[in-house]
Amino acid sequence: MRIREGYDVVVIGGGTAGAMAGIAAARSGARTLLVEKFGNLGGVLTLGMSLKGVNDGEGVKALGGIGAELLDRARAAGGATTIVSAHPRHGSIMGQDPESMKFNLIDMVRASGLQLLLHSYLVDAIVSGTRLQAIRVANKAGLEIIPAKCFVDCTGDADLAALAGAGFVMGRESDARMQPVSAIFRVGGVNLEKTWAYLEEHPEDFETPYGYVGDEYTVAKFRAKPGVGVAGFRSLIKKARAAGDYTIPREDLGFNPMAGRPEVTINITRVHGIDGTNPDDLTRAEIESQLQIIEGVRFLRKYLPGFEDCYVVSSPFQVGIRETRRIQGSYVLTKEDCRTGANFPDQVARGAYPLDVHDVSPSVHGTANVPGGGTDLSQIPRSYGIPARCLVALGVDNLLVAGRALSATHEAAGSARGQPVCMATGHAAGTMAALAATLNTLPSELDIKHLQCVLRQQHAVLERG
């Protein structure tokens, strides 16, 4: 069995959080290897969803550092729109081209000195006491052992943390139910002018957020802002369901356009009762979600004005998982922390992605104000701090976790799983791992003031404003 040696830091998972963690660790001076099961980096960032929460609801910047650098590079190449702030539903929103993100990201990786091991799967953790010594991965060459001083779990499902014996929770605390999964896809051949005109004539299909008061939430304003998508079309879905043309367990759809292109990202699929750590569940989710894409395209062509000639441009590399395991840290981020813009003495990142909690089943809602088949979505007016304690896995001394598996409640994770927040926590975890490895200490024993100073030098946003 081959032993791949010589690394200070190993990052597992090259999605939105993992790519940031790997670049951050390498730039911070650590010999870093990123292990990824697919052939490209970025994860759900490469699906084309608009980015919500780069700024908070009052328009104050929440994402800096490596994540903001990636967005700036993509924007300079025509692959991202400007950020629309003070958005009444999302806080802020930005359109993006997933291919531009993907290729700018790999260019940043090359420049950082980060080493990659692609097409490789985590299969085991080698632990001594409370210290993770090495990981075992499988790839075309067979099995390999990779030791390191510090590890960062960016698998999204806390796979490494679970294998290493760290504490974790699954799904909602009361019953372990998890949010449904979705397959986000893109369609081309769309006449958006026709769609906007329909929404202006049928305001009932333009979904206003629950409890929203004001005159800013209008079709005309959305139409004038490039990259800003909408949700709604409930009457068309109801009509299609009555005609037997629609069976997807979701009562609305969301779309995200990219300025100047006849392409739209569609969020309409939904599969409940899926445990993203169970291969049989994942197989069922992939099959059902792909069949729902077929049905969704038929619905779009038949019922949605402007989509009569649409066609699939891309479908996801895997079904999108919103929630599985979350580690237990010495602090658990809460819904109130998110809502109130809480600050912490050891904060290493900020979050402003909306509180986005989907129904855990077709008839079970997380809050009373979610209409049937829907989502509890509320903006974050003022960004909140994320403590370093939420990224350190209890029970494994040299393991950090970033992305949607950080230490948070079921509801708070609905915000912390957003892509800009994953970028921020990935950056923080990578820097923490590098400092711990190069200083020969544990992540939990790092001097917080020094860590925060280094993150600020890397242009991370730690304080609001």
Hits in the stretch 86-111 (condition: touching a residue at least 40 places away in the same chain (Cβ under 8 Å) and under 17 Å from Asn40 (Cα atoms)): Asp97, Pro98, Glu99, Met101, Lys102, Leu105, Ile106, Met108, Val109
Which residue pairs have Cβ atoms under 8 Å apart, sit 6 or more places apart or on different chains, and have a first residue in the stretch 265-292 that is free of Cβ contacts under 8 Å to residues at least 24 places away in the same chain and a second that is open to solvent by less than 50 Å² (accessible area, probe 1.4 Å) and assigned to a loop (DSSP other than H, G, I, E, B)? Asp281/Ile274; Asp281/Asp275; Arg284/Ile274
Scan of the stretch 270-312 for residues that are open to solvent by 60 Å² or more (accessible area, probe 1.4 Å) and in a strand (DSSP E or B), ordered by number: Tyr311, Val312
Being within 11 Å of Ile12 (Cα to Cα) and charged (D, E, K, R) is the filter here; which residues of the stretch 137-156 pass it? Asp153
Take the stretch 290-317 and flag every residue that is among the aromatic types (Phe, Trp, Tyr), more than 17 Å from Leu236 (Cα to Cα) and at pLDDT 95 or above. Tyr311
Taking Glu201 as meeting all but one of (1) open to solvent by 70 Å² or more (accessible area, probe 1.4 Å); (2) in contact (Cβ under 8 Å) with a residue 40 or more places away in the chain, write down the number of the exception. (2)
From Leu160, Leu143, Leu118, residue being open to solvent by less than 10 Å² (accessible area, probe 1.4 Å) and in contact with a strand residue (DSSP E or B) (Cβ under 9 Å, 6 or more places away or on another chain): Leu160
Kindly indicate the residue of the stretch 253-292 that is charged (D, E, K, R) and within 21 Å of the chain's Cα centre (by Cα) and also nearest to Leu199 (Cα to Cα) among those meeting that condition. Arg270
So, in the stretch 64-111, how many residues would count as being more than 20 Å from Val264 (Cβ to Cβ), touching a helix residue (DSSP H, G or I) at 6+ places or on another chain (Cβ under 7 Å) and open to solvent by less than 20 Å² (accessible area, probe 1.4 Å)? 7
Within the stretch 59-74, identify whether any single residue is of a type in the set (Val, Ile, Thr), over 28 Å from Met432 (Cα atoms), part of a loop (DSSP other than H, G, I, E, B) and under 23 Å from the mean Cα position of the chain (by Cα), and answer yes or no. no
Members of the stretch 243-269 found to be among the hydrophobic types (A, V, I, L, M, F, W, C) and surrounded by fewer than 17 Cβ atoms within 10 Å (Cβ to Cβ), listed by number: Ala243, Ala259
Take the conditions of a type outside the set (Ser, Thr, Tyr), closer than 25 Å to Arg339 by Cα and either in contact with a Pro (Cβ under 7 Å, 6 or more places away or on another chain) or part of a loop (DSSP other than H, G, I, E, B) (or both) and apply them to Arg389. Does it pass? no
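The values are calculated or read from the model by the stated rules, or taken from the named source; none is laboratory data. Just so you know, these numbers come straight off a predicted model, no measurement behind them. Heads up, the Cβs are rebuilt from the backbone with ideal geometry, glycines too, and the neighbour counts pull from every protein chain shown. When the accessible area is computed, the model is the full protein with side chains, heavy atoms only, and any ligands, DNA or RNA have been set aside. Shrake-Rupley method; radii C 1.70, N 1.55, O 1.52, S 1.80 Å.
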